[in-house]
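The values are calculated or read from the model by the stated rules, or taken from the named source; none is laboratory data. Bear in mind that the values here come from a model prediction, so they are computed numbers and not experimental data. Reconstructed Cβ throughout: ideal geometry from the backbone, glycine too, with neighbour counts over all protein chains shown. For accessibility, only protein heavy atoms count, side chains too; no ligands or nucleic acids. Shrake-Rupley method; radii C 1.70, N 1.55, O 1.52, S 1.80 Å.
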Amino acid sequence: MVSLIVCHADQNVIGFKNKMPWHLPVDLEHVKKLTEGNTIVMGRKTFESLGRPLPNRRNVILTKNENYRADGADIIHDIEDISRLPGKIFIFGGSGVYKQTMELVDEMYITRIQETFAGDTFFPEYDMDDWEIAGRQEGTVDDRNRYPHEFLKLTRKNLSRGVS
């Protein structure tokens, strides 16, 4: 099963100058809980913005650069390689990887921040008619998590993706 995990704000903003424009610790904890022990697939820029492989999960970098190497991460060069990865897979970003893999995804875990931020990187548009809300939880705003947010789990309505 291929899942996708993302945190986006209003207008689907996911980044600004190769960083997240917000700090939401509860989302970082949510991502850790969901992805530990699994595989995360991300683009090169996303990996480099993290500065290191995330611990306790398999880090896979999707890049066209045949010479790219990163300690602690596996490298793939083709979207089709994702389906050959074992276990539960989370598409981890960035924008280009999300766009290229959207059709592979069976479920999406979305943290939606109800706030407007300046952004130069966006999560692709998606049609809610294709998705069912399998879970929704309002986040708590407090001293550490200052922005209104919610956690969504969406599952694709038609897992056959048009195959009859």
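Would you be able to tell me the number of residues in the stretch 19-43 that are part of a loop (DSSP other than H, G, I, E, B) and in contact with a Lys or Arg (Cβ under 6 Å, 6 or more places away or on another chain)?
Keep residues of the stretch 19-43 that are part of a loop (DSSP other than H, G, I, E, B), which gives 20-24, 36-38.
Filter once more, so that each one left must be in contact with a Lys or Arg (Cβ under 6 Å, 6 or more places away or on another chain): 36, 38.
Residues flagged as part of a loop (DSSP other than H, G, I, E, B) and in contact with a Lys or Arg (Cβ under 6 Å, 6 or more places away or on another chain) within the stretch 19-43 amount to 2.
Assuming E150 fulfils every condition listed in (1) open to solvent by 20 Å² or more (accessible area, probe 1.4 Å); (2) over 14 Å from the mean Cα position of the chain (by Cα) apart from one, which condition is it? Tallying (1) open to solvent by 20 Å² or more (accessible area, probe 1.4 Å); (2) over 14 Å from the mean Cα position of the chain (by Cα), E150 fails exactly one: (1).
Which pairs turn up if I take residues in the stretch 120-143 that are farther than 15 Å from Q11 by Cα and open to solvent by 80 Å² or more (accessible area, probe 1.4 Å) and look for partners that are among the polar types (S, T, N, Q) and at pLDDT 95 or above with beta carbon separation below 6 Å, at least 6 apart in sequence or on another chain? That search, which allows pairs on different chains as well, returns E132/T155. Of the residues contained in the stretch 80-94, none is found to be more than 14 Å from the chain's Cα centre (by Cα), part of a helix (DSSP H, G or I) and under 27 Å from R144 (Cβ atoms). In the set V97, V13, only one residue is farther than 21 Å from F151 by Cβ, open to solvent by less than 20 Å² (accessible area, probe 1.4 Å), within 13 Å of the chain's Cα centre (by Cα) and among the hydrophobic types (A, V, I, L, M, F, W, C); that residue is V97. Of the residues L24, L62, L54, L50, the single one that is in contact with a strand residue (DSSP E or B) (Cβ under 7 Å, 6 or more places away or on another chain) and either closer than 16 Å to V97 by Cα or at pLDDT below 95 (or both) is L62.
Scan the stretch 106-117 and tell me whether some residue there is surrounded by 14 or more Cβ atoms within 10 Å (Cβ to Cβ), among the aromatic types (F, W, Y) and either over 15 Å from M1 (Cβ atoms) or free of Cβ contacts under 8 Å to residues at least 24 places away in the same chain (or both).
Looking for residues that are surrounded by 14 or more Cβ atoms within 10 Å (Cβ to Cβ), among the aromatic types (F, W, Y) and either over 15 Å from M1 (Cβ atoms) or free of Cβ contacts under 8 Å to residues at least 24 places away in the same chain (or both), one finds at least one in the stretch 106-117, hence yes.
Restricting attention to the stretch 63-79, which residues are open to solvent by less than 20 Å² (accessible area, probe 1.4 Å) and assigned to a strand (DSSP E or B)? Matches in the stretch 63-79: I76 only. For the stretch 3-38, a residue qualifies if it is of a type in the set (D, E, K, R) and either farther than 18 Å from N59 by Cα or touching a residue at least 40 places away in the same chain (Cβ under 8 Å) (or both), and the qualifying residues are D10, K17, K19, D27.
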